[in-house]
């Protein structure tokens, strides 16, 4: 009996330790959020932080408008490249999952998720920057698109595979060709899941720094021209954080706060869309 | 579905079906991912050409880094990459597996989904935000409360002296935080794939929760958890910005685990825009090539491990 009691205590204690470790794992999340919020808030509270551009150190009223717009352009162009390709690939993987080629595509996109983003940046540099002899927003978008692609592919595949096969079969039974079944019947039913994937990919791309260092490069001025160098929010954080001036460091924290809020909002939004998708698919 | 069509064919001659153009079209579009993978490696290899020709294999065994005399060797960068990644794994694996066990348990869905969401949000935070946090908060704290006490009390042990705010250990610390979500999510899925019957049998035999977990569930999930660890290793090897901000950027094999060092990715991030001439950029691209080949191999190995573990368990 004594031995059994000891086993029980041991079990309870280890369960407690595991829960404690889980809480420990969440402490960094709390700390990162707390410090970006508390250190970034003073910058963010000035409205001109969002409307002005970079100013020399010591001149008040500096802002990140050029970085916000730059990130928007970079991620926008990257989305135009990655989302159509990613969605069609995802549809292919789900609709023809028995095809041998699908296995290879799936493996390649899983490997692509883990590709170091700095190496993708080097690739975009060699492909777009070097031939044109200057840094450009487009080259940054190419790098970001490569990082977005596998996320869009796998979430689209998951969303399409969730649709009950009865829908597909009834479409085919009515004599619809495969492409109409896939694109006009299955894909619309799976659209919330596809949106989730696109949102997650946008969130990932907005936070990437390494692939932009030598593609979009950064720009001190307000620019809307993707054929020239563009500033981006993560580049602002990276460059300012390493400066010795307190005012620049404060701006780095402010930009980091904007970035974190943006990414977390997109993530929570995508989670909500996904939950709707699962409920809808259950009703089909 | 394919088999249904196949067996029908055997009975009556199938009518001529029009070719499935949609399938061809989407298959071509889907080729983007594999083609990209091949093209990335090929282009990096081509761009690194001058360096590969000039230094040959000596590049992979050299320890110098002097752009002026064009004397380059990759060993310190490779060492820094491997050392930070392994230290990060040592810190993250016990915590990550424990979290995965908690998240994979049945019941108490409310609490568990909150914890799971938290861990997933940890993955969503951009690397540069971890970087600025590590630089101004984590590294100074760890310098004062971990490195100085350790080197004061254990400094006589080799490799445990010379604390520094920016160095190998602090880079590993922030890496550990960053790989935790990957580790947890994959391990949780693997643990969930362990058949319920195994757990129920153990409980029916009178095993406690801990005995079930430690002697039945975890051994059954071990190959998959190993795959998750390797996958996390791949992430750690390629992580750039946060590491660059706290590793100290000194191109040498560090004398202790607290000393400033350099990684493959950080060298590229710091020096590529300033690299002039033909040889210097090519050398940096060759570092990138080494990095991508290593991570691709590691990822491929990990994916195959995780998949075979999941399919074996599912049968």
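The values are calculated or read from the model by the stated rules, or taken from the named source; none is laboratory data. Given the structure is predicted, the values throughout are model-derived calculations rather than measurements. So basically every Cβ, Gly included, is an ideal-geometry build from the backbone, and we count neighbours across all protein chains shown.
Every condition in (1) more than 7 Å from chain B (Cβ to nearest Cβ); (2) touching a helix residue (DSSP H, G or I) at 6+ places or on another chain (Cβ under 6 Å); (3) crowded, with 21+ Cβ neighbours inside 10 Å is met by residue A:125 except one, and the failing one is (2).
So which residues in the stretch B:94-111 are within 13 Å of residue A:18 (Cα to Cα) and without any contact (Cβ under 8 Å) to a residue 60 or more places away in the chain, if there are any at all?
B:94, B:98, B:102, B:105
Looking at A:225, A:250, can you tell me which residue is more than 9 Å from every other protein chain (Cβ to nearest Cβ) and under 30 Å from residue A:134 (Cβ atoms)? Reasoning before the result, please.
Numbers: A:250 fails: under 30 Å from residue A:134 (Cβ atoms).
Going through A:225, A:250 in turn, the sole match is A:225.
In this structure, residue B:221 qualifies as surrounded by 16 or more Cβ atoms within 10 Å (Cβ to Cβ) and either closer than 22 Å to residue B:300 by Cα or without any contact (Cβ under 8 Å) to a residue 40 or more places away in the chain (or both). Selection within the stretch B:17-69: residues that are touching a residue at least 24 places away in the same chain (Cβ under 8 Å) and assigned to a loop (DSSP other than H, G, I, E, B). The member of this set that is surrounded by the most Cβ atoms within 10 Å (Cβ to Cβ) is B:48.
What do you reckon, is residue A:198 part of a helix (DSSP H, G or I) and under 27 Å from residue A:47 (Cβ atoms)?
It is false that residue A:198 is part of a helix (DSSP H, G or I) and under 27 Å from residue A:47 (Cβ atoms).
Would you mention how many residues in the stretch A:81-112 are under 30 Å from residue B:287 (Cβ atoms), without any contact (Cβ under 8 Å) to a residue 40 or more places away in the chain and either surrounded by fewer than 20 Cβ atoms within 10 Å (Cβ to Cβ) or in contact with a strand residue (DSSP E or B) (Cβ under 6 Å, 6 or more places away or on another chain) (or both)? The qualifying residues number 2. Selection of the stretch B:225-265 for residues being more than 14 Å from the chain's Cα centre (by Cα) and surrounded by fewer than 24 Cβ atoms within 10 Å (Cβ to Cβ) yields B:248, B:249, B:250, B:251, B:252, B:253, B:254, B:255, B:256, B:257, B:259, B:260. The lone criterion from (1) within 13 Å of chain A (Cβ to nearest Cβ); (2) more than 30 Å from residue A:157 (Cβ to Cβ) left unmet by residue B:21 is number (2). No other residue among B:283, B:294 is modelled with pLDDT of 90 or more and under 22 Å from the mean Cα position of the chain (by Cα) apart from B:294. Residues in the stretch B:189-217 that are over 30 Å from residue B:298 (Cβ atoms), away from every other protein chain (no Cβ under 12 Å) and not in a helix (DSSP H, G or I): B:205 alone. Within the option set B:92, B:83, B:88, being surrounded by fewer than 21 Cβ atoms within 10 Å (Cβ to Cβ) and over 19 Å from residue B:272 (Cα atoms) holds for one residue only, B:83.
One line per residue, one yes/no per condition, for (1) touching a helix residue (DSSP H, G or I) at 6+ places or on another chain (Cβ under 7 Å); (2) in a helix (DSSP H, G or I); (3) closer than 18 Å to residue A:116 by Cβ:
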{"residue": "B:219", "(1), (2), (3)": "no, yes, no"}
{"residue": "B:254", "(1), (2), (3)": "yes, no, no"}
{"residue": "B:262", "(1), (2), (3)": "yes, no, yes"}
{"residue": "B:276", "(1), (2), (3)": "no, no, no"}
{"residue": "B:288", "(1), (2), (3)": "yes, yes, yes"}
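Restricting attention to the stretch B:295-309, which residues are closer than 20 Å to residue A:117 by Cα and surrounded by fewer than 19 Cβ atoms within 10 Å (Cβ to Cβ)? B:297, B:300, B:301, listed by residue number. Residue pairs whose Cβ atoms lie under 8 Å apart, sitting 6 or more positions apart in sequence or on different chains, and linking a residue in the stretch A:24-36 that is touching a residue at least 24 places away in the same chain (Cβ under 8 Å) to a partner that is outside any helix (DSSP H, G or I), are A:32/B:125.
Within the stretch A:33-41, one or more residues are touching a helix residue (DSSP H, G or I) at 6+ places or on another chain (Cβ under 8 Å) and surrounded by fewer than 18 Cβ atoms within 10 Å (Cβ to Cβ).
Filtered by the rule that a residue be within 11 Å of chain B (Cβ to nearest Cβ) and surrounded by fewer than 24 Cβ atoms within 10 Å (Cβ to Cβ), the stretch A:148-168 gives A:154, A:165, A:168.
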